[in-house]
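Have a look at the structure below before the remarks.
Every read-out reported here was derived from the displayed coordinates using simple, explicitly stated rules and does not represent laboratory data. What you see is a predicted model; the values in this text were computed from it and never measured. We place every Cβ from the backbone using ideal geometry, glycine too, and count neighbours over all the protein chains shown.
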Amino acid sequence: MLEIKPIFNALLRSKVGAVLLLIQIAITTAIVSNAAFIIKDRLDYLNQPTGYEEENIFKFNVMTFGTDVDLIQQVDLDEQMLRAMPGVVDAVQISAVPLSGGGSSTGFRLKPVPEKSKSVNASYFETDEHGLNTLGVNLIAGRNFTEGEVVLNRDYSKFPKVALATKALMDDLYPGEDGLGKVIYMGDKPLKIIGVIGMMKGPWLKIENRKDKSVLLPLVDPRKLHQFLVRTEPERRAEVMKQIENAMHTNYSKRVIQDLTGLDVKKADYVAEDRLMMRMLVILISVLVLVTALGIFGLTLFNINKRTKQIGTRRALGARKSAIISYFVVENSLICIAGLILGVCGAVLLGQQLMSHYSVPALSNLYVAVTAIAVFLMSLLAVIGPARRAANIDPSIATRTI
Amino acid sequence: MFSHYIDLSWRSFKRTPLVSLLMVIAIGVGIGITMTSLSVYHMMSMDPIPEKSDKLFAVQLQSMDEGESWWSPDSMPYQLTYRDTENLLNADLPFKRAALMKTGFSVHLNSDKVKPFLEQTRVASRDAFDMFNLPFINGGVWSKEQESSAAPVAVISQSISKKLFGTSNSVGETFYLDDLSVRVVGVIEDWKLHIKYFDLNNGSFNKPEHIFIPFSLIKANEIDTWGNTNGWKHEPVKVFNDKLQSEKFWLQFWVELNNASEKRVFEAYLENYIAEEKKAGRFTREKAEYKLRDVNQWISYWEVVNEDNKIMVALSFMFLAVCLANILGLLLAKFLRRAPEVGVRRALGASKKQVFFQHIVEVGMLGLFGGVIGIIVAQVGLFGIRQSLSYYDALANMDISMLMTAPLIAISACIIAGLYPAWLVCNTTPATYLKTQ
Amino acid sequence: MLKMNNISKMYQTEMVQTHALRDFNLNVEEGEFIAVTGPSGSGKTTFLNIAGMLEPFTGGEYLLDGIDVGKLNDNQRADLRNQKIGFIFQGFNLIPDLNLYENVEVPLRYRGIKAAERKRRIEQCLEQVGLASRAKHLPQQLSGGQQQRVAIARALAGEPRFLLADEPTGNLDSLMARQVMELLEQINRDGATIIMVTHDAELARRAPRNIQVVDGQLADFTLYQGNPNMVVGA
C-alpha cells in the first residue's frame, strides 16, 4: 500500500480516536486469548473420557433404620433381586461412587507401615466380585477377584489379600514394570494385584494426580447408610430406576431410599461450577467482540463524517473509489496492528497473572496468535461498511461552500 | 437550570436516537455483566453474622508430628480430634464453646403418618444456639444435665416441625432418628445462611441442618460423621472407640471471645493444654502451634470465594473498560458534531462552565439509563446462574446495596468517560463554528 | 482542447425538475485564461463540477483532449481527473492532518508516481509558489493566502492540462488576493490553461477571456487582448 506513510503521520497528528480504538482492541485481545484458553481447558476437563457408560449406570443410597436385620445378608438379598430385574446388566453394593465427588482415598505404599516407603494417593472402592462388571470397566491384564476372595466384614478380623488397581496407579508405584502380580500396601496390609484396570476415573475428577488412580477392594462392609450401583442395558435405565424404591421397600421396609440418580447426572452436578464458568466466559467474549466491532464501526463512521470534505477533495484530485476504501482499511489496520501488539503483550501478562494466582495452566501461544488474527479480521469486517460509504461520497462536495 | 439541562439532554438523545441507543446499550451491557459477577462475589464474601463475626473464633490445633503437612495454606488441619474436642469443651473456662459435627439419619415417626426421609443432622454442644444467634420459637436448648447424661433430645427447625407434626408447637413430641427415639425440647426458626461458615468442609454454600442433637450422643450412641474424616498417620480403626481415641480429625470447634483480653486468656489456656498433652505423648512438635480465626478470617482462609469468581470479576471490569472506551469514542463523535450549536450558545452568552455542565448532565443521564438497563441485564445473568447451580439460589441475587451500586457505577463511569469530550467541546472558539464554511 | 457541445444538467426531485445547465456550448484552446462569472444560482458551480468531471451531465457531449467523457466509467473519470485537471478550491481544501509536502503529494500518489519523481515535482512546485521552506508545516500554521498557494502547488504538481479554479480568492483579503492572482497570471504566462470561476468583477477583468453563465446558459464576451475598456456582461 503506497499510502502507509502519510496515513501513519496523519494518525499521529490526531491521536484521540485512534488511541481509543487501540485500547479497545488491546483489551479485547488480552481477554479473549485468555478466556478462550480457559474455555478450552474446561472443555477438555468436561469431556475427558471416564471409562464408564454413564447413561446406563445409576446409583442410590440406602439408609437403614430398622435394627432387626443383618446388613450383609440383606445386601446379598438386595443384590440378587436387583440382578434379576429385567433390563439390569449387573448390580452391586459399593462403598463409593465414581465421578460423584464423594468417596475414600488413602496412600498406597511399596512397604508396610511403619517402614519408610514411597506412597501414592489413590481412591478405593470396597465391593464384591460384581463390582468390575457393574462399573463396566475393562481389565487389561489379569483377572477379577472370585467370590471366595471377597471378605465379608463382620468383625474386622479379616482383610482382603488381593485387589484390582488401575494402570495409572501401578505405573506410578512400579514405574517401567508390569503391575500385575505386584504387592502394594494399604497401611500395613498387603494386597496382591491380580488384575490391572485400563481406564477408570475415581470420585474426584478435579484432583489431577488422583483421578486416574483407583483400587477395587474385595470387601463387603455395609453401614446403615450404604450405596448401590446398577448398570442397565442401553435405553432401559429410566424404566429400571422407576421400580427401585418399591422393589427395595418390598425386600425390607425399615429403610429410606435416597439420591436415586444417574451417573451422568452425578457427574454433571460435580462439574456444574466449571460448566457455568465456561458458559459465562463464552458469553463474555462474544459480547466483548461484538462491542469492539461496534466501536470500530461507530468510530469509523464518525471519522468519515468528520472528513467528508477531505474525502470529496481526494476524489476530486483523482482518487478512485477503491483508493478511498483502501485508505480507511489501511488506517484501521495500522491502529489494529498497534492495538494487537499491545494486546498480545497484555494477553501474555494476563496469562502469567492468572497462572500464578489461580490454578490456570500456562497460556498457549497458539491461542494468542489465533485471537490476534480473529480480532484483525473482525476489525476489517467492521470497517468495510463505513469505508464503502465513504467511497460513495460525491466528489462535488469539494466545491460546496457549506 | 438543572432541569433545563435535563430537558436539553433528552432532546439531544431524541435527535440521534440510534447513537444514543447504542451508547445506552453499550453501558448497560458493560454494567450488567460487571454487576452479575460482582453480585455473586458480594454475596459470597458477605459477612454471614455481622453482629458478632469478630467474636466467634474457629479453633485449630497442630497435633500432627513434625514433617507432616496438610493441604491448608498454613498446613494446619481444618478439624479437631475427638479427644481434643471433648477436652476443650469440658475445660473450666468462662467462655461459650461449641463442638459441632455433621451426620444424618432417616427420620420417621414409626408409623405410616409421614413417609420416612433422610435428613442431615447437626450434632452440637448446647452453647451453639446462643453463639450462632439461633432464635427459639418454642421451648429452648437442652439442659446441662441432659447434655451430660446424653439424653436423647433434639432441637428442630420450624420446617421440620411442620413436616413431622403439622405445627411449630411440637415441644414434647417424639420422633425417630433411625432407631433412636428423640424428644423435641425446642423449635428454632429455620437457619438462613448463604455461607455455612461454621462447617465449610462439605460445600460452603449448602444449607444448614434442621435437626440438632447433643454432642454427648456421639460417644453414647456411637454416631459417626457424615462429613470428612482425615488422618495423617496409620491408625487401624476396628471399633468406634478406636476412632474416638485416634488422632483423626472429624469435628469442628468454635469459641466466643468478646475482647482482646479474653482472647489472650484462651490462648494461654491452649498453650497450657498442649504442654499437658505433650506429656501424654501427643503434640510432638517442639513449638506449640494453634490458631484462632474469626468468622471472616475463617471464610477467607478457606478461600470460599473461589478462583473462578475472582477471575470473572476481574474480566468483567476489563470488559467495562472496553465499553467505556467505546462510549468515549461515540461521545466525542456526538459532541463534536454538535460544536456549531455550542458555538451559537457561546455566542449568545453561555460560559464555558455552563456548556461543560450541560454536557456532563447529558452524560450523567446516559449513565442513569445505562444503569437501569444494566440492572435488567444483571438480573437476566443472575437468573441464568441460578438455573445452572442449585446452591447459587441464595447467592446469585442482587441485594439493596448491589441495586444501588449499579446505577452509581454506571453514572460515574459515564461521567469519567464524558469528561474529555465535554471539556473539548466547551473549549472550542465560538467563532470557528459560526461561519458558514 | 476542451469542448462542450449542448451540455445540459437536470436535477430531478419528487415533483420538480431543475435545469441547472441548458444547451451549454464552450470551446477552450490551450493556453487560455478564462474567467467564468454570473449571478449566484446561475449554474457556475454546476459548470465547474461538470468541467472537472465531479458530476455527470444529463445531455450533450463533453470532449477533453478528444476523449468523450460521457462514455467513461467512474474509475476512468477519476484517472482522467487526476492526470488532466488541477483543482484550486475556494476553501483551499488542504488536508489538515498532512503537512504541506504530503498535501501536495496526494494527487501524485494516486497516479502511482515513484517516490523520487514525486519528491522532485513537489519541491519544484513548492518553490514555484514560494513555500519550499515550510514544507514540513501543517496547513493550520499558514495564513489563508499561503494555504491557497499550497493548493496551487498541489494543482500544478500533476502537470495537468488545465487548472480549474473555484473562487480562488474568495476567502482572502485584498492583498493576498492580489498575490494569488499574480501567481495565476504568471503560471498562465508560463503556458498553463486556466478556467477560473469568480464573482469578483475586478478579478474577472484581469482574465483575457470572460464567459458569463446566466440561467444555465452561456454568454461569451471575449475581451480583445489587453483592451480594458470593454465592459464585461450585465
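Modelled label-to-label distance, A:GLN80 and A:THR106, 7 Å Cα→beta-carbon offset: nm?
Result: 3.2 nm between the two label points.
Give the order of B:ARG337, C:ARG109, B:ARG11 when sorted by the count of other beta carbons within 10 angstrom, beginning with the fewest.
Listing B:ARG337, C:ARG109, B:ARG11 from fewest to most nearby Cβ atoms yields B:ARG11, B:ARG337, C:ARG109.
How about the range B:1-103: which GluC sites (Glu not before Pro) there lie in a loop by DSSP and see at most 16 other Cβ atoms within 10 Å? Before the final figure, lay out each step's value.
Numbers: sites: B:GLU51, B:GLU66, B:GLU68, B:GLU86; in loops: B:GLU51, B:GLU66, B:GLU68.
Loop-located and lightly packed - B:GLU51, B:GLU66, B:GLU68.
Using modelled backbone amide H atoms (1.01 Å from N, in-plane), which distant-in-sequence or interchain residues come within less than 5 Å of C:LEU21's amide H?
Amide H neighbours of C:LEU21: C:LYS9.
Mind giving me the FRET efficiency for A:ASN209 and B:LYS14? R0 is 60 Å, r the Cβ-Cβ distance, nearest 0.05 is fine. Please list the in-between numbers first.
Details: r = 63 Å, r/R0 = 1.05.
Using R0 = 60 Å, I get an efficiency of 0.45.
If you take every DSSP beta bridge whose two residues both sit in chain C, what share of them, in percent to the nearest 5, is antiparallel? Could the numbers behind the result be given before it?
Numbers: 21 of 38 bridges.
Roughly 55 percent of the DSSP beta bridges within chain C come out antiparallel.
Mind jotting down the distance between the C-alpha centroids of the range A:341-392 and the range B:3-62, whole Å?
Centre-to-centre distance over Cα atoms comes out at 27 Å.
Mind telling me which of A:SER105, A:SER253, A:SER33 comes out most flexible in a GNM of chain A, alpha-carbon contacts under 10 Å?
The residue that fluctuates most here is A:SER253.
Counting Lys and Arg as +1 and Asp and Glu as -1, what is the net charge of the other residues whose Cβ lies under 11 Å from the Cβ of C:LEU72?
Working: positive: C:LYS71, C:ARG77, C:ARG81; negative: C:ASP68, C:ASP74, C:ASP79.
Residues close to C:LEU72 contribute a combined charge of 0.
Could you give each residue of the range B:318-326 its phi-based ³J(HN,Hα) in whole Hz, using Karplus coefficients 6.51, -1.76, 1.60 with θ = phi - 60°, and x for Gly or Pro?
5, 4, 4, 4, 5, 4, 5, 4, 4
Write out the trypsin sites (Lys or Arg not before Pro) in the range C:119-168 meeting two conditions: DSSP loop, and at most 11 other Cβ atoms within 10 Å of their Cβ. The partial results should precede the final answer.
Values: sites: C:LYS119, C:ARG120, C:ARG121, C:ARG134, C:LYS136, C:ARG149, C:ARG154, C:ARG161; in loops: C:LYS136, C:ARG161.
Here the sparse-neighbourhood loop sites are C:LYS136.
Nearest 500 deg cm²/dmol is fine: what mean residue ellipticity at 222 nm does chain A get from its DSSP H runs of n ≥ 4 alone, each adding -39,500 (n - 2.57), divided by its residue count? Walk me through the intermediate numbers first.
On the way: 11 runs with 200 residues, N = 402.
Calculated at 222 nm, the ellipticity per residue is -17000 deg cm²/dmol.
Take A:ILE341 and A:ALA362, extend 7 Å from each Cα along the Cα→Cβ direction, and tell me the distance between the two endpoints in nm.
According to this spin-label approximation, the distance is 2.6 nm.
How much length is gained if the chain between A:ASP269 and A:GLU129 is pulled fully straight, taking 0.36 nm per residue apart and subtracting their Cα-Cα distance, in nm to one decimal? Each step should come with its number before you reach the end.
On the way: separation 140, 0.36 × 140 = 50.40 nm, distance 2.87 nm.
Extending this stretch completely gives an extra 47.5 nm.
Can you tell which of A:ALA35, A:LEU342, A:MET170 lies farthest toward the positive end of the dipole of the protein assembly as shown, using +1 and -1 charges on the Cβ of basic and acidic side chains (Lys, Arg; Asp, Glu)?
Highest projection toward the positive end goes to A:LEU342.
So what is the calculated 222 nm ellipticity per residue for chain B, using -39500 (n - 2.57) for each DSSP H run with n of 4 or more, over all residues, to the nearest 500 deg cm²/dmol?
Values: 16 runs with 219 residues, N = 437.
So the calculated ellipticity at 222 nm is -16000 deg cm²/dmol.
Compute a Gaussian network model of chain A, connecting alpha carbons closer than 10 Å, and tell me which residue from A:MET170, A:MET278, A:MET378 fluctuates the most.
Comparing A:MET170, A:MET278, A:MET378 in a Gaussian network model of chain A, the most mobile one is A:MET378.
What residues qualify as long-range amide H neighbours of A:LEU219, i.e. H under 5 Å apart, gap of 5 or more or another chain, H built at 1.01 Å from N?
Sorted by chain and number, the residues that satisfy this are A:THR127, A:VAL151.
Grab the other residues whose beta carbon is less than 14 angstrom from that of C:GLU123, score K and R as +1, D and E as -1, and report the net.
Details: positive: C:ARG118, C:LYS119, C:ARG120, C:ARG121, C:ARG134, C:LYS136, C:ARG154; negative: C:GLU102, C:GLU105, C:GLU117, C:GLU127.
Around C:GLU123, the surrounding residues sum to +3.
With label points built 7 Å along Cα→Cβ from the Cα atoms of B:GLU286 and A:TYR156, find their separation and express it in nm.
3.6
For chain A, build the charge dipole from Cβ charges (+1 Lys, Arg; -1 Asp, Glu) around the Cα centre, then report which of A:VAL256, A:ILE72, A:SER359 sits farthest towards its positive end.
Projecting each Cα onto the dipole axis, the largest value belongs to A:SER359.
Which pairs break 22 Å Cα to Cα here: A:LYS111/A:LYS206; A:LYS206/B:LYS291; A:LYS266/B:LYS207? Show your work: numbers first, answer last.
Numbers: A:LYS111/A:LYS206 28 Å; A:LYS206/B:LYS291 29 Å; A:LYS266/B:LYS207 19 Å.
As for pairs spanning more than 22 Å Cα to Cα, those are A:LYS111/A:LYS206; A:LYS206/B:LYS291.
Skipping prolines and chain starts, which residues have an amide H placed within reach, meaning under 5 Å, of the one on C:ALA165, given they are 5 or more residues away or on another chain?
Long-range HN contacts for C:ALA165: C:ILE88, C:ILE195, C:MET196, C:VAL197.
May I ask which residue of A:LEU191, A:GLN227, A:PRO86 lies farthest towards the positive end of the charge dipole of the range A:66-253, with charges of +1 (Lys, Arg) and -1 (Asp, Glu) on Cβ and the Cα centre as origin?
Result: A:LEU191, furthest along the dipole toward the positive end.
Averaged over its residues, how many other protein chain Cβ atoms are within 10 Å of peptide A:384-395's Cβ atoms? The partial results should precede the final answer.
Working: counts 0, 0, 0, 0, 0, 0, 0, 1, 0, 0, 3, 10.
Per-residue shielding by partner chains comes out at 1.
Sort A:MET241, C:MET181 by Cβ crowding within 10 Å, fewest neighbours at the top.
A:MET241, C:MET181
Classify the range A:44-165: rounded, prolate or oblate, from the alpha-carbon gyration tensor (a ≥ b ≥ c, eigenvalue square roots; a/c under 1.5 rounded; otherwise prolate if a/b is larger than b/c)? Write down the numbers at each step before the final one.
On the way: a/c = 1.68, a/b = 1.16, b/c = 1.45.
In terms of gyration-tensor shape, oblate.
Sort B:130-143, A:18-31, B:107-120, B:206-219 by packing, meaning the average of other beta carbons within 10 Å per residue, with the highest value first. Please report the intermediate quantities before stating the final value.
On the way: B:130-143: 16.8, A:18-31: 24.6, B:107-120: 15.2, B:206-219: 21.7.
Those peptides, ordered most packed to least, come out A:18-31, B:206-219, B:130-143, B:107-120.
Measure nothing but the geometry: give the 0 to 90° angle between the long axis through the Cα atoms of B:17-44 and the longest principal axis through the Cα atoms of chain B, rounded to 10°.
Result, in degrees: 20.
Compute the separation of the alpha-carbon centres of the range A:288-330 and the range C:13-80 and state it in Å as a whole number.
After rounding, the separation between the Cα centres reads 28 Å.
Can you bin the range A:66-253 into rounded, prolate or oblate? Criterion: square roots of the alpha carbon gyration tensor eigenvalues sorted a ≥ b ≥ c, rounded for a/c under 1.5, prolate for a/b above b/c, oblate for the rest.
Details: a/c = 2.09, a/b = 1.58, b/c = 1.32.
Prolate shape, in that a/c is at least 1.5 and a/b is the bigger ratio.
Spelling out what I want: for every residue of the range C:70-84, take phi, set θ = phi - 60°, compute 6.51 cos²θ - 1.76 cosθ + 1.60 (Karplus), and round to whole Hz; glycine and proline get x.
Once rounded to whole Hz, the list reads x, 8, 8, 8, 4, 5, 5, 5, 4, 4, 5, 4, 4, 7, 9.
Take the Cβ-Cβ distance between B:ARG337 and C:ARG111 as r, set R0 to 41 Å, and report the resulting FRET efficiency rounded to the nearest 0.05. Can you show the working numbers first?
Working: r = 34 Å, r/R0 = 0.83.
The value I calculate is 0.75.
Rounded to whole Hz and in sequence order, give me ³J(HN,Hα) for the range B:132-141 from the Karplus expression 6.51 cos²θ - 1.76 cosθ + 1.60, θ = phi - 60°, writing x for Gly and Pro.
9, 6, 9, x, 8, 8, 9, x, x, 6
If you place +1 on the Cβ of every Lys and Arg, -1 on the Cβ of every Asp and Glu, and leave all else neutral, what size is the dipole of the range A:196-352 about its Cα centre, to the nearest 20 Debye?
On the way: 24 positive and 13 negative charges, 133 e Å.
So the magnitude is around 640 debye.
List, largest first, the extents of the alpha carbons of the protein assembly as shown along their principal axes, each in whole Å.
Computed over the protein assembly as shown, the largest-to-smallest principal extents equal 136, 68, 62 Å.
Specify the residue with the greatest mean-square fluctuation among A:LYS192, A:LYS309, A:LYS161, computed from a Gaussian network of chain A linking alpha-carbon atoms under 10 Å apart.
For chain A, modelled as a Gaussian network with Cα springs under 10 Å, the answer is A:LYS309.
Looking at chain C, which longest stretch skips every one of the GluC sites (Glu not before Pro) that is in a DSSP loop with at most 14 other Cβ atoms within 10 Å, leaving the sites themselves out? It would help to have the intermediate numbers written out before the result.
Working: sites that count: C:GLU14, C:GLU29, C:GLU30.
Longest stretch, sites excluded: C:31-234.
What length, rounded to one decimal in nm, is gained on full extension from B:HIS234 through to B:ASP7, with 0.36 nm per residue of separation minus their alpha-carbon distance? Before the final figure, lay out the partial values.
Numbers: separation 227, 0.36 × 227 = 81.72 nm, distance 7.82 nm.
Computed gain between B:HIS234 and B:ASP7 is 73.9 nm.
Summing +1 for each Lys or Arg and -1 for each Asp or Glu, what net charge is found among the other residues whose Cβ lies under 13 Å from the Cβ of B:GLN387?
Working: positive: A:ARG275, A:ARG279, B:ARG386; negative: B:ASP393.
Cβ neighbours under 13 Å give a net charge of +2.
Please work out the C-alpha center-to-center distance from the range C:102-152 to the range B:282-322 and express it in whole Å.
So the separation of the two Cα centres works out to 66 Å.
For the pair A:ARG388 and A:MET355, what calculated FRET efficiency results from E = 1/(1 + (r/R0)^6), where r is the Cβ-Cβ distance and R0 = 51 Å, to the nearest 0.05? Could you put the intermediate results ahead of the total?
Numbers: r = 43 Å, r/R0 = 0.85.
E(calc), rounded to 0.05, equals 0.70.
How far, in nm, would the chain grow between B:ASN87 and B:ALA347 when pulled straight, counting 0.36 nm per residue and subtracting the alpha carbon separation? Before the final figure, lay out each step's value.
Values: separation 260, 0.36 × 260 = 93.60 nm, distance 8.62 nm.
Full extension of this stretch gives 85.0 nm more.
Need one word for the range B:46-99: rounded, prolate or oblate. Basis is the Cα gyration tensor (sqrt eigenvalues a ≥ b ≥ c); a/c below 1.5 gives rounded, then a/b vs b/c decides. Please list the in-between numbers first.
Working: a/c = 3.10, a/b = 1.26, b/c = 2.45.
Cα axes put the range B:46-99 in the oblate bin.
For chain C, what is the calculated [θ] at 222 nm in deg cm²/dmol (nearest 500), taking -39500 (n - 2.57) for each run of four or more DSSP H residues and dividing by its residue count?
On the way: 7 runs with 80 residues, N = 234.
Value at 222 nm, helices only: -10500 deg cm²/dmol.
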